[in-house]
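Trainee: So that we are looking at the same thing, I have put the structure below in structure tokens.
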Amino acid sequence: MPKGSSQLASTYILLVLIWATTPLAIVWSVKDLNLFWALAFRFFLALPIACSLLWIFKIRLPFDVKSIHSYVAGSFSFIGSQLFTYVATQYLSSGIIALMFGLAPIMAGLMGWLWFKQFLHFAQWCGMLIALSGLGLICFSGQQHIQPLGIILMLISVFNYALSIFWVKRVNAPLEPMAQATGSIMVSSLVVIGLLPFIWSDFPTHIPSLQSLLALAYTVVVASLLAMFCYFKLVQNIQPTTLSLTNVMTPLLALLIGALFNHEALSLQVVLGACVLIMGLLVYFFRDLQLQQKWQKRFKKM
């Protein structure tokens, strides 16, 4: 395998591992820390690090109207999505949270169909129905750590995440990926500052446990910054469909990680529902994967 290909493969594996472990890190970070303050600290700590990286790599952070518009749009994938995710930790296990984020491509497909008149093939509609059937099995499993309110919160979170992708593309500001992410984190931090008067009474009065502190550090450095580098590197070098398959692998891995390291019980109905949901995602991507393979074969013959 060429050196460039091996680096991309390593980056791809690293991104899957980060996204699979992030929900558990979020759950652990709020164990001994108010969930809103855990979210606030995540952005307040990530912002100076991101700004430092901009300075080190000499990347501009423009503040013209179009750029600011793009930062606001991008913030929906940060504060707009994560706010609901953090609240959902009270009602869902880390594995189910990761499973819900697997629905992001389907949510994006529906939004594209409704608002941008993008065509959806029959297989994609079938994949959506299968995935929703799996979600229904999970939602009505009756398991203690899987409550319908948590499912609703995560659907809002995933909706905001998918909306952010479309919104940023529609603005189409000529920004470096790192500048886009830093600007979005900056806007998210401003939103958190606006929330401070409402959460000030819950300010931590003791030093959180080592587990919560390490989990918070993980969400700041690894989940927010390292994952961002991996994601944008892959966006520039691999097919979108291949990148989207992380949404299939991540939930399964997250379920196993949650069960092994956080003792999250998985009933037979939840496991069955997860398998049905993943099957729906595979059906949704099936046609795109076939087209990608055909193009790769043609390219090799040239």
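Trainee: Just subtract the alpha-carbon distance of L129 and S6 from 0.36 nm times their residue separation and send over the number in nm, one decimal.
Mentor: 40.7 nm
Trainee: Ok, one more. Grab the alpha carbons of segment 100-140, take their convex hull, and tell me the volume per residue in Å³.
Mentor: Convex hull of Cα atoms, per residue: 62 Å³.
Trainee: If each residue of separation counts as 0.36 nm, what is the full-extension length gain between K169 and L260 once their alpha-carbon separation is subtracted?
Mentor: Net length gain for the segment: 28.9 nm.
Trainee: While we're here: Measure off 7 Å from each Cα along the Cα-to-Cβ vector at L190 and L268, then give the distance between these two points in nanometres to one decimal.
Mentor: 5.4
Trainee: If I require 24 Å or longer along the helix axis, counting alpha carbons, and a Kyte-Doolittle average no lower than -0.5, what helices from the chain are left? Use full DSSP H segments. Mind dumping the intermediate values first?
Mentor: On the way: long enough: 3-29 (37 Å, 1.06); 35-56 (32 Å, 2.00); 122-139 (26 Å, 1.73); 148-171 (34 Å, 1.56); 177-199 (33 Å, 1.61); 268-301 (47 Å, 0.41).
Helix filter hits for the chain: 3-29, 35-56, 122-139, 148-171, 177-199, 268-301.
Trainee: Please compute P(r) over all alpha-carbon pairs of segment 8-50, binned at 5 Å starting from zero, and give each bin as a whole-number percent.
Mentor: Answer for segment 8-50: a P(r) of 6, 20, 18, 20, 21, 10, 5, 1 percent.
Trainee: What stretch of the chain, leaving out the sites themselves, is the longest with no chymotrypsin sites (Phe, Trp or Tyr not before Pro) in a DSSP loop having at most 11 other Cβ atoms within 10 Å?
Mentor: It runs 120-302.
Trainee: Give the share of C-alpha pairs in each 5 angstrom bin for segment 1-137, from 0 to the last occupied bin, in whole percents, shortest bins first.
Mentor: The percentages, shortest bin first, are 2, 7, 11, 14, 16, 17, 16, 10, 5, 1.
Trainee: Please check: in the Gaussian network model of the chain (C-alpha springs, under 10 Å), which one of S201, S29, S164 has the largest mean-square fluctuation.
Mentor: S201
Trainee: May I ask you to derive the FRET efficiency for A217 and I56 from their Cβ-Cβ distance with R0 = 25 Å, giving the value to the nearest 0.05?
Mentor: About 0.80, to the nearest 0.05.
Trainee: Let me know the Rg and Dmax you get for segment 87-177 when you use only its Cα atoms, in Å.
Mentor: 15.0, 48
Trainee: Classify segment 112-265 from the C-alpha gyration tensor, please: rounded if a/c falls under 1.5, else prolate or oblate depending on whether a/b exceeds b/c.
Mentor: It comes out oblate by the Cα gyration axes.
Trainee: Starting from the Cα gyration tensor of the chain, take the square roots of the eigenvalues, sort them a ≥ b ≥ c, and report rounded, prolate or oblate (rounded when a/c is under 1.5, otherwise prolate if a/b is larger than b/c, else oblate). Mind showing how you got there, number by number?
Mentor: Values: a/c = 1.55, a/b = 1.10, b/c = 1.41.
It comes out oblate by the Cα gyration axes.
Trainee: Longer than 30 Å from Cα to Cα, which of K31/K233; K66/K117; K58/K117 are they? Say none if no pair is. Walk me through the numbers before you get to the answer.
Mentor: On the way: K31/K233 33 Å; K66/K117 25 Å; K58/K117 40 Å.
Long pairs (Cα-Cα over 30 Å): K31/K233; K58/K117.
Since every read-out is calculated from the coordinates, none of them should be taken as a lab result. Note that the coordinates shown come from a computational prediction; the quantities given were computed from them, not determined experimentally. FYI the Cβ positions are ideal-geometry reconstructions off the backbone, even for glycines, and counts take in every protein chain you see.
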